[in-house]
Amino acid sequence: MDQIFAPWRIEWVERPDKNEEFETCVFCELPEQNDDRENYLLARGETAYVLLNNYPYNPGHAMVVPHAHIGRYQDLERDVLLEVNQLIQRTLDAMDEALAPDGYNVGYNLGGAAAGGSIGDHLHAHVVPRWTGDTNFMPTLTGTKVIVEAVTDTYDRLYDAFATQQGVTAPAEGAVVVEPE
């Protein structure tokens, strides 16, 4: 393996303001706003919600986000942990129905930038649908990922799939509301 030494980068890695890039937390703000569709908020539970990623790895890339501003997985309360995982299940079901992927990547980036995440102080689970052959030469050769569907179109398809699930209320405006199980 080739190694590149860049000792001048340590200043950026150790910068004191690395966790202060946002004045407030986007994951805390979005559920408080009144435009779920514009914010791509798909479903709301009592302690967590489902949000489409603005910068998806693939069409349908969603995140399940606790309402509580918590950065450590170990600090999640039992009811939040349960609902996050139930919402992951519901998200997988909605994606099966609306997108019919061949598989999924599901997981967390814990530890912020060091773990590949851009928002480290408010944990969230990623649910990324995958299709056989969805990775090609573009990211490797050009650093470009081709997303084949507009996020708004994916939102509409997933919203409809969530709305047909049992235990869900689908208002005319806003995210579906998931009843506790």
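Just a few scattered comments:
- Remark on His67: its backbone amide H falls under 5 Å from those of Ala48, Tyr49, a criterion applied only to residues 5 or more positions apart or on other chains, H modelled at 1.01 Å from N.
- In this simple spin-label model, placing a label point 7 Å from the Cα along the Cα-to-Cβ direction at both Ala150 and Glu38 gives a separation of 1.6 nm.
- Compared with the direct C-alpha span, the chain from Glu97 to Thr24 gains 22.8 nm at full extension, assuming 0.36 nm per residue.
Every number in this text was worked out from the coordinates using simple rules, so none of it is lab data. For clarity, every value in this text was computed on a predicted model and none was experimentally measured. Cβ atoms come from the backbone with ideal geometry, glycine included; neighbour counts cover every protein chain shown.
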